[in-house]
Every structure is written in structure tokens, then in C-alpha cells.
Amino acid sequence: MEQIKSGYFSEKNDLWPGQFFSLEVEKVLHNEKSDYQDILVVQTKHHGKALILDGIIQCTERDEFAYQEMISFLPLCAHKKPTKVLIVGGGDGGVAREVSKHPKVEEIVQVEIDQKVIDVSKKYIPSMAVGFASPKLTLNVCDGFEYMRNHKEEFDVIITDSSDPIGPAVNLFTESYFALLKEALRPNGIICSQASSFWLDLEHVKETMRNCKQHFDTVKFAIANVPSYPTGQIGFIVGALGESVSLTTPLYKFTDNDIERLKLRYYNSEIHRAAFVLPNFARNVLRN
Ligand code: SPM
């Protein structure tokens, strides 16, 4: 709570030295320490409610849809038949909400380690936690690594909605994690992982892509604009088993009618293609 001063929450962190983003706070709705992290929910003045874990903004009601839609639909729409999907993390429910909208998805399994994040999200941010009510979803409160070790060749798409690479989440960016993802996938499977921002740490993004490339035949980096994340941008690593997969071209296209009916506020087929177009300095280093 020392990050709230003079009515503003400031996201100071060594991951983004020399800069921070602040949110004007109207009220602290909840603060507790779970077995895994510090959980804070605030009512902000202009961004709706915000979920903050270990002092880092996970989502605000104002712009969460950009992240949740992109991390979900980039892999789902690039896959021919994404019948069974695994979500690792995503304790606020927003990714489950989006994945359940895809008409080809029949079954979603989610593994989240922190029951408290689920409970707090259900209580304070139902606009995201509504994802937990999907009839397609089976939610397991357990460790994602452990779960995948016991579930081989089971999923068409795996989405890793993690926090940033500090503390326990560091493991979700390593080569051994990508090895585990590969083994949990069916043939032609696709993964998508939260992968920081090239403005913050291009070398770290490059290293994570290298780790992914050790196990996946086609690997690409995509970006989305999320104003309440540092630099206003977040990246995703998308990896596919199979060399002739075009991750950048959506195979499934939502019609304008679908977009309205499913309340897609960010994702469309054009933004899917554009998300993989990088500025030269990043494209050259990441060889996208
Ligand atoms: N379901 C939403 C959870 C969000 N998970 C990702 C949070 C990342 C926050 N920090 C972004 C900083 C860029 N590395």
C-alpha cells in the first residue's frame, strides 16, 4: 500500500526503471496477502476497478479487453480446429471470458494457482470473472507445471496469462516451460504467452523467443496497445508445432455481426495481421 500516495497508485518497479504509470484512486476495495502474492483491488477515478498483484497492474476495467482478446484470439483464430484449450494463470477470468466466445472451442481447462485471486475477482470485478461461469470451463486451482506434467498431448491451444517475469512467474519464460507446453499439445497445436514489451527489455523478449524456438517450429511476436501497462504496449509470443503454419493470417474470421454480438472491442482480422508487424529495431533483433 506504500505505492498509494496523495490519492494515486504508482506502479514503481525495477522492471521499468526511471518511469512509472499512476492511477487516481477513489477507494481501496480490498488488500490482502495470499500464500503467493499481495492482492490489491482499487476503485480508480477514471479506469474503473483495477487488479494489482505484488504492486503491478494486471488489469483495469477501462482497457483489459485489449489484452484478454488478443492473447486469446491470436492463437485461437490461427488454429484450424481449436477444440480443447488450456489457460495457465488468468485468475481474473478475463481470458476464460474471451476464449469461451470462440465458436470452435468446446472445452476449456484453466489452471490457476491462487484461489484468492479468483475469489477477489469474482467479488469485485464480475465484468472479468464472468468467464468462470462459462459452461465450457473446468477450473483447477493448482500449479500449471504440475498439471501439464500429467496431461500430455491433450490441448489444441495453450494460453499462458501470467504476471511479469519476477518471482515465481520467471519460470513461465524458460526453455523448460516451452518444452512442457509442447508436450501438452496435440499435433498442430499453438501456444500464446504474455511476453513483456520490446520497449522495456528487448533482450529479454529475444531470449524468451529463443527459448520458445527450441521447441516450436514457427514462432512470432505480436503486440497490443494496453494504455495501463508500462510503455502502453504488451507483447505476445505465439508458437506453433508445424513449419507451414501462418500465425499471422487468421483462419477463423469473425464477421461484423459476430464482433457486435460477442462484444469484441479490440480484436478483428485486420488487427490480427497488423499485430505481427514490428518496427525495424525490434524486427531485426527478433527476426520476426
Ligand atoms: N488477465 C489479465 C492478467 C494480465 N497478465 C499480464 C500482466 C502484465 C502486467 N505488466 C505488464 C508489463 C509489461 N511487461
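The values are calculated or read from the model by the stated rules, or taken from the named source; none is laboratory data. All values reported here derive from a predicted model rather than from experimental measurement. All Cβ positions, even for glycine, are placed from backbone atoms using ideal geometry, and neighbour counts span all protein chains on display. Surface areas here come from the heavy atoms of the whole protein model, side chains and all, with no ligands, DNA or RNA. Shrake-Rupley method; radii C 1.70, N 1.55, O 1.52, S 1.80 Å.
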State which residue is most open to solvent (accessible area, probe 1.4 Å) when the search covers only region 18-51 and only residues that are within 13 Å of the ligand (Cβ to nearest atom) and part of a loop (DSSP other than H, G, I, E, B). PHE20
Tell me which residues, restricted to region 163-199, are part of a helix (DSSP H, G or I) and modelled with pLDDT under 95. GLY167, PRO168, ALA169, VAL170, ASN171, LEU172, PHE173
If you scan region 250-282, which residues turn out to be among the basic types (Lys, Arg) and part of a helix (DSSP H, G or I)? ARG261, ARG273
Complete set of residues in region 1-34 that are of a type in the set (D, E, K, R) and closer than 23 Å to PRO126 by Cα: GLU24, GLU26, LYS27, GLU32, LYS33
Within the bounds of region 204-217, is there any residue that is away from the ligand (no atom under 14 Å from the Cβ), at pLDDT 95 or above and hydroxyl-bearing (Ser, Thr, Tyr)? no
Taking the condition out of contact with any helix residue (DSSP H, G or I) (no Cβ under 6 Å at 6 or more places or on another chain) and either within 17 Å of CYS59 (Cα to Cα) or within 14 Å of the ligand (Cβ to nearest atom) (or both), does GLY131 pass? no
Restricting attention to region 219-269, and to residues there that are farther than 23 Å from HIS102 by Cα and free of Cβ contacts under 8 Å to residues at least 60 places away in the same chain, which single residue is most open to solvent (accessible area, probe 1.4 Å)? GLU243
Determine which single condition ASP156 fails, assuming it passes every other condition in (1) over 15 Å from the mean Cα position of the chain (by Cα); (2) within 21 Å of ILE52 (Cα to Cα). (2)
All but one of (1) within 11 Å of the ligand (Cβ to nearest atom); (2) farther than 18 Å from ASP161 by Cα; (3) buried (at least 21 other Cβ atoms within 10 Å of the Cβ); (4) not charged (D, E, K, R) hold for GLN68; which doesn't? (2)
Within 24 Å of PHE276 (Cα to Cα) and either out of contact with any strand residue (DSSP E or B) (no Cβ under 8 Å at 6 or more places or on another chain) or within 13 Å of the ligand (Cβ to nearest atom) (or both), is that true of PRO187? yes
Considering only residues that are polar (S, T, N, Q) and within 14 Å of the ligand (Cβ to nearest atom), look in region 101-128 and name the one that is farthest from GLN58 (Cα to Cα). GLN110
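Conditions tested, residue by residue: (1) within 16 Å of the ligand (Cβ to nearest atom); (2) touching a Lys or Arg at 6+ places or on another chain (Cβ under 6 Å); (3) open to solvent by less than 10 Å² (accessible area, probe 1.4 Å).
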| position | (1), (2), (3) |
| --- | --- |
| PRO135 | no, no, no |
| LEU139 | yes, no, no |
| ILE159 | yes, no, yes |
| GLU175 | no, no, no |
On the basis of being touching a residue at least 40 places away in the same chain (Cβ under 8 Å), open to solvent by 40 Å² or more (accessible area, probe 1.4 Å) and over 18 Å from PHE236 (Cα atoms), does GLY167 make the cut? yes
Would you tally the residues in region 74-95 being within 16 Å of the ligand (Cβ to nearest atom) and either outside any loop (DSSP other than H, G, I, E, B) or surrounded by fewer than 24 Cβ atoms within 10 Å (Cβ to Cβ) (or both)? 10
